[in-house]
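The structure appears below as structure tokens.
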Amino acid sequence: TPPCGSWQALRTAGRVMSSPGAIDTAVAYCQKNQWPLLSQALTYCWSNEFLDVFRQYFRDHASDFRGMKVGMGSSEHSLEQHAVFQEYLQLYEDRLSEYIESQLGGSSKEFYEELADAKDVQARDPESCDAGTALFIECLVASADYDSFYKVMVREAQKLEAREAMEKMRWDAAPTVAEGKTAEGGDA
């Protein structure tokens, strides 16, 4: 199974795709198979320009997942969490569609046709498929999966809670009186 079967492995996938030549190899494979929109979307989706939007979204909405456990069956999911997921899906689709239409002059329909063709080629002959392209397809599919999204959000909430705990510890450890002053406001 490619390492991006879920969002939890996105960092690993990012490292794989940031290795020298990985994106160029995937782009060349897509171009060889006459998937021009897929090749350009692959480059865009691995860029910080695209990924930073979602990193920020995860941070901005992490508080909605406070106290949740990573396993899907371990916590009850709220309507708010599902709404955050739906909003995320819309943001993802809008960003990708806007890029395909405004920057590449293609349509979402054409993009998804190329994606379906690439998935078919991968299913028929996995050995011939470029690893970077296969990884991109896996990550694209995982990005629309609630379970994968939920895991990312729970981890982001845990990071938020850890940052807040550290800040509280720093605050609690700070002196309560300015150095060199007494509690009454005079010099020590």
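Report yes if Ser97 is surrounded by 13 or more Cβ atoms within 10 Å (Cβ to Cβ), part of a helix (DSSP H, G or I), polar (S, T, N, Q) and modelled with pLDDT of 95 or more, otherwise no.
yes
Condition test on Val70, is it outside any helix (DSSP H, G or I) and under 30 Å from Glu161 (Cβ atoms)?
yes
Only one residue in Glu87, Glu80, Glu76 is within 24 Å of Ala162 (Cα to Cα), assigned to a helix (DSSP H, G or I) and open to solvent by 40 Å² or more (accessible area, probe 1.4 Å), so which one is that?
The match here is Glu80.
This table checks each residue for (1) under 30 Å from Gln34 (Cα atoms); (2) without any contact (Cβ under 8 Å) to a residue 40 or more places away in the chain.
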site: Phe111; (1), (2): yes, no
site: Glu114; (1), (2): yes, no
site: Lys119; (1), (2): yes, yes
site: Gly132; (1), (2): yes, no
site: Leu135; (1), (2): yes, no
site: Ala144; (1), (2): yes, no
site: Ala173; (1), (2): no, yes
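Can you tell me which residue within segment 115-136, out of those that are buried (at least 20 other Cβ atoms within 10 Å of the Cβ) and in contact with a Leu (Cβ under 8 Å, 6 or more places away or on another chain), is modelled with the highest pLDDT?
Ranking the candidates gives Ala118 first.
The values are calculated or read from the model by the stated rules, or taken from the named source; none is laboratory data. Note that the coordinates shown come from a computational prediction; the quantities given were computed from them, not determined experimentally. FYI the Cβ positions are ideal-geometry reconstructions off the backbone, even for glycines, and counts take in every protein chain you see. Heavy atoms of the whole protein, side chains included, go into the accessibility calculation; ligands, DNA and RNA do not. Shrake-Rupley method; radii C 1.70, N 1.55, O 1.52, S 1.80 Å.
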